[in-house]
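J.: Pasting a structure below so you can have a look.
The values are calculated or read from the model by the stated rules, or taken from the named source; none is laboratory data. Owing to the predicted nature of the structure, the values given are computational and were not obtained by experimental measurement. Counting neighbours? That spans all protein chains shown, and the Cβs are built from the backbone with ideal geometry, glycine included.
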Amino acid sequence: MTADNQTRSTGIEPLMFVGGLWFVAKLARYSFPALFPTLETSLSVSSSQLGVAYTAMMLLYSLVQFPSGALADALEDVRVIAVGGATAAAGAIGLLLSPSYPVLVVGMLLVGLGTGVHKTVSIGLLSRLYRSRTGRALGVFDTLGTVGGIVAPPAVVFALASIGWQVLLAVVGVVGITLTAGLLARVPRADREETPVSIRRLRDQLAVRPYLGPFRDRGFLLFVAVTLCFSFAYNGVVAFLPSYLVERGLTDSTAAFLYSGLFAVSVVQVVTGSLSDRLGRLPLVAAVLAIATLSLAGLVVADGTALALGVATVGLGIGSHGFRPVRAAYLSNVIPDEIAGGGLGLVRTLLMGVGATAPAIVGLVADSASFRVAFAGLAIVMGGAIVFTALSVLADTAA
């Protein structure tokens, strides 16, 4: 089957299985923070021990971004995603073995490892299967993941009152196994020559140098700068938005409600993903980042009413979530197909690493000054993403 025929014959099934696995991945990962108050008591562990476990899970999640993409280039994207899905499911189901801290840590590490494989490789797979509808497919994909994060807290509340948290995660694992089986059975494989897999071939595939080619292009470097600025600003906001809203005078419950609104508007990803297929990537990037920057600035300068802060929060959610599928579509388009997985994985490792530093810096600024000062700095960084987008447009035009 040729690539063109494969694209035309692709229906909704691949997106259903790949997106479903991303929903399950986010549901599993975001269930742990909601469980921590209960686990601290039931497992007789400290907050620092739980924090170490969560940091280890997310660190492993970050570190596998590049190698998973590179292995997808060498082996086959469906196969790599399936291994990741099975690994995460094993971690979730394995928590049934014993309600103990060591088992929890092992389970969380397996969830981090398995879910870390998914995003980078899935972007390449969906771009391959939905070549003329990449933006729309990635918009649906990202929205399903966000919904998984939204569902996690109420699912935990329900489980603690009824079936128990271990059963909840085991059910999530079983669903993951089911979706993985469907992925292997129903998602078209890439057309490529079958070559023997050897240790030397895998070692060569995991070398970073072959993936540095796109970084020699000025336009690509500028767009990477866009993503780094966005990642830093967004991660800083997400980590401390409830604290900031409380500092501005809102109650804890109102702040939590507005915080949920930041994620609830993620459906905009479907719209911006589809628009990027027709309007072009960079102009839409500039538009959604402008919305995010103005909204973040609005959070800083708005009066302390729930209405003003709520409008700014929703605007920030629209701009931020709207950016994600367009970013993914742009990167999947400019990175050569032969290094698509590893190239995207390398970019994601960079942006996730930079984003991970934001909460610590925001917390430090807040302790020495205030969250309002810290958020003003984040608005400036988000504005820097718009500047780099404009420079990227100029570089693209010159090319």
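J.: For the list (1) modelled with pLDDT of 85 or more; (2) in a helix (DSSP H, G or I), I need the number of the one condition that residue 163 fails.
T.: In the conditions (1) modelled with pLDDT of 85 or more; (2) in a helix (DSSP H, G or I), residue 163 misses (2) alone.
J.: Also, quick follow-up: If I filter the range 248-270 for residues that are among the basic types (Lys, Arg) and not in a helix (DSSP H, G or I), do I get at least one hit? So that I can check it myself, show each step before the final result.
T.: Applying the first criterion (among the basic types (Lys, Arg)) to the range 248-270 yields 248.
Narrowing the set further to residues that are not in a helix (DSSP H, G or I) leaves 248.
Looking for residues that are among the basic types (Lys, Arg) and not in a helix (DSSP H, G or I), one finds at least one in the range 248-270, hence yes.
J.: Oh, and also: Please go through the range 304-330 and give me each residue that is in contact with a Lys or Arg (Cβ under 9 Å, 6 or more places away or on another chain) and charged (D, E, K, R), ordered by number.
T.: Once the filter is applied, which keeps residues that are in contact with a Lys or Arg (Cβ under 9 Å, 6 or more places away or on another chain) and charged (D, E, K, R), the range 304-330 yields only 327.
J.: Now for a different question. Taking the range 273-282 as the region of interest, how many residues are farther than 19 Å from residue 392 by Cα and buried (at least 20 other Cβ atoms within 10 Å of the Cβ)?
T.: Final tally of qualifying residues: 2.
J.: Looking at (1) aliphatic (A, V, I, L, M); (2) over 19 Å from residue 17 (Cβ atoms); (3) assigned to a helix (DSSP H, G or I); (4) touching a residue at least 24 places away in the same chain (Cβ under 8 Å), find the lone condition where residue 103 falls short.
T.: So the condition that residue 103 fails would be (4).
J.: Take the residues of the range 244-255 that are among the small types (Gly, Ala, Ser) and surrounded by fewer than 16 Cβ atoms within 10 Å (Cβ to Cβ): which is nearest to residue 138 (Cα to Cα)? It would help to see each step written out before you state the result.
T.: Within the range 244-255, the subset among the small types (Gly, Ala, Ser) is 249, 253, 255.
This time we only want the ones that are surrounded by fewer than 16 Cβ atoms within 10 Å (Cβ to Cβ), so: 249, 253.
Details: 249: 38, 253: 33 Å.
Ranking the candidates gives 253 first.
J.: Six or more apart or on different chains, Cβ under 6 Å: which pairs go from a residue in the range 300-329 that's outside the structural domain of residue 273 (by TED's automatic domain parsing) to one that's of a type in the set (A, V, I, L, M) and surrounded by fewer than 20 Cβ atoms within 10 Å (Cβ to Cβ)? Could you list them?
T.: Listed by first residue and then by second, the contacts come to nothing, as the list is empty.
J.: Sticking with this one: Specify the residue that is farthest from residue 52 (Cα to Cα); the eligible residues are those in the range 98-145 that are in contact with a Pro (Cβ under 9 Å, 6 or more places away or on another chain) and aromatic (Phe, Trp, Tyr).
T.: This residue is 130.
J.: In the range 151-165, what count of residues is obtained for those that are free of Cβ contacts under 8 Å to residues at least 60 places away in the same chain, surrounded by 13 or more Cβ atoms within 10 Å (Cβ to Cβ) and closer than 17 Å to residue 257 by Cα?
T.: Here is the first cut: in the range 151-165, the ones free of Cβ contacts under 8 Å to residues at least 60 places away in the same chain are 154, 158-159, 161-164.
When the remaining residues are screened for being surrounded by 13 or more Cβ atoms within 10 Å (Cβ to Cβ), the result is 159, 164.
With closer than 17 Å to residue 257 by Cα added as a condition, the list becomes none.
Matching residues across the range 151-165 total 0.
J.: Tell me, which residue of the range 65-75 that is surrounded by fewer than 22 Cβ atoms within 10 Å (Cβ to Cβ) and of a type outside the set (Gly, Ala, Ser) is farthest from residue 22 (Cα to Cα)?
T.: Of all residues in the range 65-75, those surrounded by fewer than 22 Cβ atoms within 10 Å (Cβ to Cβ) come to 67, 74-75.
Checking which are of a type outside the set (Gly, Ala, Ser) leaves us with 67, 75.
Numbers: 67: 19, 75: 21 Å.
Checking each candidate, the answer is 75.
J.: Let me ask you something else. Would you please name the residue that is modelled with the lowest pLDDT, looking only at residues in the range 205-235 that are part of a helix (DSSP H, G or I) and exposed (fewer than 13 other Cβ atoms within 10 Å of the Cβ)? Show your work before the answer.
T.: Restricting attention to the range 205-235, the residues satisfying the condition of being part of a helix (DSSP H, G or I) are 205, 209-216, 218-235.
Filter once more, so that each one left must be exposed (fewer than 13 other Cβ atoms within 10 Å of the Cβ): 209, 212, 216.
Values: 209: 65, 212: 70, 216: 75.
In this case the residue turns out to be 209.
J.: Tell me, yes or no, whether the range 125-145 has at least one residue that is in a helix (DSSP H, G or I), closer than 16 Å to residue 84 by Cα and touching a residue at least 24 places away in the same chain (Cβ under 8 Å). Break it down into steps so the answer makes sense when it comes.
T.: At the first step, the residues of the range 125-145 found to be in a helix (DSSP H, G or I) are 125-129, 131-145.
With the extra rule that they be closer than 16 Å to residue 84 by Cα, the set shrinks to 125, 145.
Still in the running and touching a residue at least 24 places away in the same chain (Cβ under 8 Å): 125, 145.
Yes, the range 125-145 has at least one match.
J.: Which of the residues belonging to the range 76-118 are surrounded by fewer than 20 Cβ atoms within 10 Å (Cβ to Cβ) and more than 19 Å from residue 27 (Cβ to Cβ)?
T.: Passing the criteria: 76, 79, 83, 97, 98, 99, 100, 101, 102, 103, 105, 106.
J.: Right, something else. Could you check how many residues of the range 229-266 are in contact with a Ser or Thr (Cβ under 6 Å, 6 or more places away or on another chain) and either of a type in the set (Lys, Arg) or farther than 21 Å from residue 364 by Cα (or both)?
T.: Taking the range 229-266 first, the residues in contact with a Ser or Thr (Cβ under 6 Å, 6 or more places away or on another chain) are 234, 258, 261-263, 266.
Going one step further and asking which of them are either of a type in the set (Lys, Arg) or farther than 21 Å from residue 364 by Cα (or both), we end up with 258, 261-263, 266.
Here the count works out to 5.
J.: Inside the range 226-254, can you point out the residues that are among the hydroxyl-bearing types (Ser, Thr, Tyr) and either in contact (Cβ under 8 Å) with a residue 60 or more places away in the chain or under 28 Å from residue 349 (Cβ atoms) (or both)? I'd like the intermediate steps shown before the answer.
T.: So the first thing to find is which residues in the range 226-254 are among the hydroxyl-bearing types (Ser, Thr, Tyr), and the list is 227, 231, 234, 243-244, 251, 253-254.
Across the range 226-254, the qualifying residues are 227, 231, 234, 243, 244.
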